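Student: First, the structure itself, so that you have it in front of you.
The values are calculated or read from the model by the stated rules, or taken from the named source; none is laboratory data. For clarity, every value in this text was computed on a predicted model and none was experimentally measured. Quick reminder, even Gly has a Cβ in these numbers, built from the backbone with ideal geometry, and neighbours come from all protein chains shown. Ligands, DNA and RNA are excluded from the accessible area calculation, which covers all protein heavy atoms including side chains. Shrake-Rupley method; radii C 1.70, N 1.55, O 1.52, S 1.80 Å.
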Amino acid sequence: MKIRLVVALVGLAISFALPTFAQQTNTPDPQLRQKLVDVIAKHADALNKNDAVAAAACFTQDAVYLTDRGPVNGREAIEKWYTDLFKKVLFTYHAFTIDQDSPHVIGTAGNEIWATGGWSSTIKGENFGPIQIKGCWSVIRVGDDWKIRMLTSNSTPGSAIGFALPTFAQQTNTPDPQLRQKLVDVIAKHSDALNQNDAAAAAACFMQDAVFVTDRGPVNGREAIEKWYADFFKSVLWSEHVLTIDQDSPHVIGTAGNEIWATGGWRVTYKFKGENFGPIQIKGYWSVIRVGDDWKIRMLTSNATPAN
């Protein structure tokens, strides 16, 4: 059995030695946080048992699991994805941590939340390991049982998680055309700011208390996000940055009518400044929560597709 195990290109692509920003921007309700701890523990236990059925049972029927190969849509496909994963890799010591300011309440119903955090695991394959890997995650959970509606994860550079697994891209939602066009418009502004290497314009796409989940951890607040982009653009020149939107996005959350989440892909050409390296092309996937009449970013998470 051949396993393509990649020392993540993320380390070259989007994870330079930049400062981290982990200011707390939300004081979560202790009881709500404990509920989140409990349901996350179930998911971690399923992974440690390499139990695809139990892992998939943590998701809603129409959930989206955004991997570094693309979206896996629906509980049935997610179970198949885990089944294929566990045929190749044995997971042990899988653990989740929750960022201090999580969870965040969505809407007014009281049973929708989003949260961010970290993960770590020890994995072993037929011809490698055991090795330790880690990364970050973001999630939307809904319902009285707090099942996963959308989960995105990335890997910290040096973590080897690029297995050659199948992708599943079934459409599970028919978005409103006008709402989708609004999403297209605001995404274009963000992409344009990145192509211009304009940290202020890129950060202006975020709310004041937004969270940008990088593969090094969360960057909290617009001011810190602008600083992150400014430091990034000191080292790297971006061009031809393009964001695509999955066919079933956006998804409405809450009841106010001005909260959505969406998933999609990205690709970019970049070159290190002052060094004989590049240009090279990289790509990956993103998930976002946008709110308000101007649809600013409340939470953004991205990952990078491993090189083959």
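Student: Can you give the Rg/Rh ratio of region 93-142, where Rg is from the C-alpha atoms and Rh is the Kirkwood radius?
Tutor: Working: Rg = 15.1 Å, Rh = 12.6 Å.
Ratio of gyration radius to Kirkwood radius: 1.20.
Student: At 37 °C and 0.692 mPa s, grab the translational diffusion coefficient of the chain from Stokes-Einstein with a Kirkwood Rh over Cα pairs, rounded to a whole number in µm² per second.
Tutor: Details: Rh = 19.6 Å.
The diffusion coefficient I find is 167 µm²/s.
Student: Check Ala210: other-chain or 5+ apart residues with amide H under 5 Å from its amide H, H built from backbone geometry?
Tutor: Amide H neighbours of Ala210, under 5 Å, 5+ apart: Gly221, Arg222.
Student: Name the long-range amide H neighbours of Gly264: under 5 Å, sequence gap of 5 or more, or other chain; modelled H, no Pro or chain starts.
Tutor: So Gly264 has HN proximity to Asp246, Trp286.
Student: In the full protein assembly as shown, how much of Glu126 is accessible to a 1.4 Å probe, in Å² to the nearest 10?
Tutor: In the full protein context, Glu126 sits at about 110 Å².
Student: Excluding ligands, DNA and RNA, what is the solvent-accessible area per residue of the chain at a probe of 1.4 Å, expressed in Å²?
Tutor: Details: 13640 Å² over 308 residues.
Per-residue accessible area for the chain comes out at 44 Å².
Student: Heavy atoms of the protein only, probe of 1.4 Å, neighbouring chains included. What is the accessible area of Thr255 in Å², nearest 10?
Tutor: We get 110 Å² for Thr255.
Student: Still on this structure, please answer the following. Taking springs between alpha-carbon atoms closer than 10 angstrom, which of Arg267, Arg141, Arg290 fluctuates most in the Gaussian network model of the chain?
Tutor: Ranking Arg267, Arg141, Arg290 by mean-square fluctuation puts Arg267 first.
Student: Using θ = phi - 60° and the Karplus relation 6.51 cos²θ - 1.76 cosθ + 1.60, list the HN-Hα couplings for region 35-46 in order, rounded to whole Hz, with x at every Gly or Pro.
Tutor: Whole-Hz 3J(HN,Hα) from phi for region 35-46: 4, 5, 4, 5, 6, 5, 4, 5, 5, 4, 5, 4.
Student: I would also like to ask the following. Want the number for Asn258 to Gln61: 0.36 nm per residue separation, take away the alpha-carbon distance, what's left?
Tutor: 68.5 nm
Student: Moving to a separate point now. Quick one: which residues, 5+ away or cross-chain, put their amide H under 5 Å from the amide H of Val72? H built at 1.01 Å from N.
Tutor: Tyr65, Leu66, Thr67
Student: Please list, in order along region 50-62, the HN-Hα scalar couplings obtained from phi with the Karplus expression 6.51 cos²θ - 1.76 cosθ + 1.60 (θ = phi - 60°), rounded to whole Hz, x for Gly and Pro.
Tutor: 3J(HN,Hα) across region 50-62, in whole Hz: 6, 9, 5, 5, 5, 5, 5, 5, 6, 9, 6, 4, 9.
Student: Hey, what's the Kirkwood Rh for region 77-216 if you take every pair of different alpha carbons, in angstrom? Walk me through the intermediate numbers first.
Tutor: On the way: mean 1/r = 0.0552 Å⁻¹.
One decimal place: 18.1 Å for the Kirkwood radius.
Student: Gain in length, Glu76 to Phe272, computed as 0.36 nm per residue apart minus the alpha-carbon separation, to one decimal in nm?
Tutor: Numbers: separation 196, 0.36 × 196 = 70.56 nm, distance 4.22 nm.
Going from the current span to full extension adds 66.3 nm.
Student: How charged is the neighbourhood of Ser153? Take every other residue with its Cβ under 11 Å from the Cβ of Ser153, and add Lys/Arg as +1 and Asp/Glu as -1. Write out the running numbers ahead of the final one.
Tutor: Details: positive: Lys134; negative: Asp68, Asp215.
Summing Lys/Arg as +1 and Asp/Glu as -1 gives -1.
Student: Now, a different point. Using Cα-Cα distances under 8 Å and only pairs 6 or more residues apart, what relative contact order does region 64-207 have, in percent?
Tutor: Values: 212 pairs, mean separation 31.9, N = 144.
So the answer I get is 22 percent.
Student: Just need the relative contact order of the chain here, percent rounded to a whole number, with Cα pairs under 8 Å and 6+ apart. Don't skip to the end; give the middle numbers.
Tutor: Numbers: 707 pairs, mean separation 64.8, N = 308.
Relative contact order for the chain comes out at 21 percent.
Student: What are the ³J(HN,Hα) values, in whole Hz, obtained from phi via the Karplus relation 6.51 cos²θ - 1.76 cosθ + 1.60 with θ = phi - 60°, for each residue of region 203-212 in sequence order, with x given for Gly and Pro?
Tutor: Using θ = phi - 60°, the values come out as 5, 5, 6, 9, 5, 4, 10, 5, 10, 10 Hz.
Student: Expressed as a whole percentage, what fraction of the accessible surface of the chain belongs to carbon and sulfur atoms when a 1.4 Å probe is rolled over the protein heavy atoms? Mind showing how you got there, number by number?
Tutor: Working: 7020 of 13640 Å².
Taking all protein chains in place, the chain shows 51 percent carbon and sulfur surface.
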